[in-house]
Amino acid sequence: MATQIRGQYITISDPPIVKELFGNTRWAWLWLIARVYLGYNWLNAASGKLSNPAWTVTGEALKGFWAQAAAVPEAPAKSAIAFNWYRAFIQFLLDTGSYVWFAKLIVAGELLIGIALILGAFTGIAAFMGGFMNWNFMMAGSASINPVLFSLSILLILAWKTAGWWGLDRWLLSQLGTPWRPGKLFAE
């Protein structure tokens, strides 16, 4: 990372352990374990919802969850949602009937994230999307295993260059590249 101080750029390098753990394919086995574990959890969550019409047709399951999370309890009990702006957001989604299409989006997201992580395809993006879903579940008051999954997602995001090495990213990233370095398909 280069930082400019008084007109001079100073490069601050990462600690050796960070370079080693997140940038060396020698550790790809570790990220494979984390990736498959995370992917399995997402697929497992989606499979429970796929055959349930309350998720895939009516959205009633999500409506119930949101209604319970957005409810303002009697004092001194605490609400499931700690932030008023997030409660207002969930209430807006409830009031507009968004649970019908949003439930389908959650099921599709869980399924696609799980598949991408297990296959090691676009691992950094899949981990980011999974972490974003975990963050939203936690914001709505559902802790369960979400903090663990969120933490693993952060680690996979940091290890995006090597996390999919034993997966499709090994070929996808070399062929497609990144926004700052085109791959073989887009090279001039």
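Values as computed for the structure displayed
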| item | result |
| --- | --- |
| Unique residue being touching a helix residue (DSSP H, G or I) at 6+ places or on another chain (Cβ under 9 Å), modelled with pLDDT of 95 or more and either assigned to a helix (DSSP H, G or I) or under 30 Å from Pro53 (Cα atoms) (or both) when the list is Leu173, Leu155 | Leu155 |
| Whichever residue in region 127-151 is outside any helix (DSSP H, G or I) and more than 13 Å from Ala45 (Cβ to Cβ) and, among such residues, is modelled with the lowest pLDDT | Ala143 |
| Residue among Gly167, Gly131, Gly183 that is farther than 17 Å from Leu38 by Cβ, surrounded by 14 or more Cβ atoms within 10 Å (Cβ to Cβ) and either touching a helix residue (DSSP H, G or I) at 6+ places or on another chain (Cβ under 8 Å) or not hydrophobic (A, V, I, L, M, F, W, C) (or both) | Gly183 |
| Test set (1) crowded, with 19+ Cβ neighbours inside 10 Å; (2) farther than 21 Å from Leu62 by Cβ - Gly114 fails condition number | (2) |
| Selection from region 73-123 of residues that are in a loop (DSSP other than H, G, I, E, B), of a type outside the set (A, V, I, L, M, F, W, C) and touching a Gly at 6+ places or on another chain (Cβ under 7 Å) | Gly120 |
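Every residue, every condition in (1) surrounded by fewer than 19 Cβ atoms within 10 Å (Cβ to Cβ); (2) within 30 Å of Trp166 (Cβ to Cβ); (3) not aliphatic (A, V, I, L, M), yes or no:
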residue: Gly48; (1), (2), (3): yes, yes, yes
residue: Ser51; (1), (2), (3): yes, no, yes
residue: Ala54; (1), (2), (3): yes, no, no
residue: Thr58; (1), (2), (3): yes, no, yes
residue: Val72; (1), (2), (3): yes, no, no
residue: Ile81; (1), (2), (3): no, no, no
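The values are calculated or read from the model by the stated rules, or taken from the named source; none is laboratory data. Given the structure is predicted, the values throughout are model-derived calculations rather than measurements. Because the Cβ atoms are built from the backbone with ideal geometry, glycine has one as well, and the counts that use them run over all protein chains shown.
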